[in-house]
Amino acid sequence: MATGTLSGPPGQPDINYLPDHNNYLARIKRRKETEVLAKELPHGFPLQLQNELVWDGNELAEQYDWNYKLTNDDLAEIESAVQHFQAQNLGLGYVSQNTFPLPNLHKTLRKISKEVHTGHGFKVIRGVPVTAHTREENIIIYAGISSHIAPIRGRQDSQYDGKPADVVVAHIKDLTASVDANKIGAPAYTRDKQVFHTDIGDIIALFALGEAAEGGQSYLSSSWKVYNELAATRPDLIQTLAEPWAADTFGRLGVPYSLAPLLHHQPATATDPERLIIQYARRSFTGYWGLPRSANIPPITEAQAEALDALHFTAEKYAASLDFHQGDIQYVNNLSIFHARAEFRDSAEKQRHLVRFWLRDPEYTWKTPEVLQSKWDWLYKGVTPENSVFPLEPFVRSASKGEANGEKSDNKVLQ
């Protein structure tokens, strides 16, 4: 595998995609000895967030059952819905609550959406009979169930097979046996550990078509819990996170980098409670494999390097571990929860293979921070059923390809 120190702009701190705890501790010590660190939070930011979205994963299982096991009646209703959809001879982009009717299960799925948005922020549906169905039927089931939780599917790529398309499903699978490592720019296509981060959009849905022979555990961590700890112990890092960061675009937006904070605070209004949103992908600041951080953009600062590690190691401290089994569908509030995964090993018989949707539910959706609106518009606006593409086999999205392949894309999503 392509590992080792990555190149970057002059002055880039000694930080890679995979966090180094010793480097983290050394940087903390060095900065405390040589810098005057802020002792106040940014104006208006809360000293502490209090909500069900604040949780410690080490204790969460004692307080909250995040699993919903499909019943025999649920499964019968799902099978009927598959047959109903197939009888209409429609493209997969037309899977919806109307074309995939679940008259009884619908109420449960709407409760799950509410829990994802206003409760603990995630839920796992278990028991989809993957082996009893074809790949296309499994995607129909996945899209059908998801349409009752969050009916809007986001665009994950704007081209497929070299043609314009609304690609709405992505495959998370190790492709290093068939794809040159220098052409891989995201850990989604490797067996590597994936560090804590967020994707783009409101809800991340992941469906396990297959599980690893060993490892590959899914980890979730409350970003609100992380915020509370950093606000109490390192308010200077909250200030750093709330300032604009130069995120590498890897040459895909017509500009070398974009500027946006990682942390967004939304005060309470007459209609919405106080909210805090953290949005970041570590590789945009450190590079990864075939996509090292660009040499012609500003380096991140020592404060930003420490903040990246602080997010990861604090999230790791409070993470919940979820065993991801074949037939599980995980729904996660991407605006309030970090996710990660362990390194894994596949075998001839067992291979980890997830498929992903980026979803939105208009009933419960959170307000999008203004600085993120263009990304959200690219993600959700103009996605049509007739132009939606559901690739059935794994592929590397254009936003995750290394420069070695010589391709450029207008894809605005770098997660």
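Selection of region 302-359 for residues being among the charged types (D, E, K, R) and closer than 25 Å to ALA246 by Cβ yields GLU302, GLU306, ASP309.
Considered as a group, the residues in region 113-141 that are touching a Lys or Arg at 6+ places or on another chain (Cβ under 8 Å) and surrounded by fewer than 22 Cβ atoms within 10 Å (Cβ to Cβ) include one that is nearest to GLY382 (Cα to Cα), and that residue is GLU115.
Only a single criterion out of (1) outside any strand (DSSP E or B); (2) modelled with pLDDT of 95 or more; (3) touching an Asp or Glu at 6+ places or on another chain (Cβ under 8 Å) is not satisfied by ASP192, namely (2).
PRO103 satisfies every condition listed in (1) assigned to a helix (DSSP H, G or I); (2) loosely packed, with under 14 Cβ neighbours inside 10 Å except (1). Filtering region 140-168 to residues that are within 20 Å of the chain's Cα centre (by Cα), small (Gly, Ala, Ser) and more than 20 Å from PHE100 (Cβ to Cβ) leaves only SER158. Of all the criteria given as (1) part of a strand (DSSP E or B); (2) free of Cβ contacts under 8 Å to residues at least 12 places away in the same chain, the one not satisfied by TYR219 is (2).
Listed here are the residues, each with its yes/no results for (1) without any contact (Cβ under 8 Å) to a residue 60 or more places away in the chain; (2) within 30 Å of LEU291 (Cβ to Cβ).
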| residue | (1), (2) |
| --- | --- |
| ILE15 | no, yes |
| LYS29 | yes, no |
| GLU40 | no, no |
| LEU53 | no, no |
| ASP56 | no, no |
| LEU75 | yes, no |
| GLN83 | yes, no |
| ALA87 | yes, no |
| GLN97 | yes, no |
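Counting only residues that are touching a residue at least 12 places away in the same chain (Cβ under 8 Å) and not in a strand (DSSP E or B), region 147-177 holds 13 of them.
When TYR17, TYR68, TYR24 are checked against the criterion of being modelled with pLDDT of 95 or more and either aliphatic (A, V, I, L, M) or under 22 Å from the mean Cα position of the chain (by Cα) (or both), a single residue qualifies: TYR68. Would you be able to say whether some residue in region 194-209 is under 14 Å from the mean Cα position of the chain (by Cα) and charged (D, E, K, R)? Within region 194-209, one or more residues are under 14 Å from the mean Cα position of the chain (by Cα) and charged (D, E, K, R). Annotation note: of GLY93, GLY144, the sole residue that is part of a helix (DSSP H, G or I) and touching an Asp or Glu at 6+ places or on another chain (Cβ under 8 Å) is GLY93.
When each of SER218, SER178, SER146 is tested for being modelled with pLDDT under 90 and among the small types (Gly, Ala, Ser), the lone residue that passes is SER178. Of all residues in region 178-188, those being assigned to a helix (DSSP H, G or I) and either surrounded by fewer than 22 Cβ atoms within 10 Å (Cβ to Cβ) or touching a helix residue (DSSP H, G or I) at 6+ places or on another chain (Cβ under 7 Å) (or both) number 4.
The values are calculated or read from the model by the stated rules, or taken from the named source; none is laboratory data. Just so we're clear, the structure is a prediction, and the values are computed from it rather than from any experiment. Counting neighbours? That spans all protein chains shown, and the Cβs are built from the backbone with ideal geometry, glycine included.
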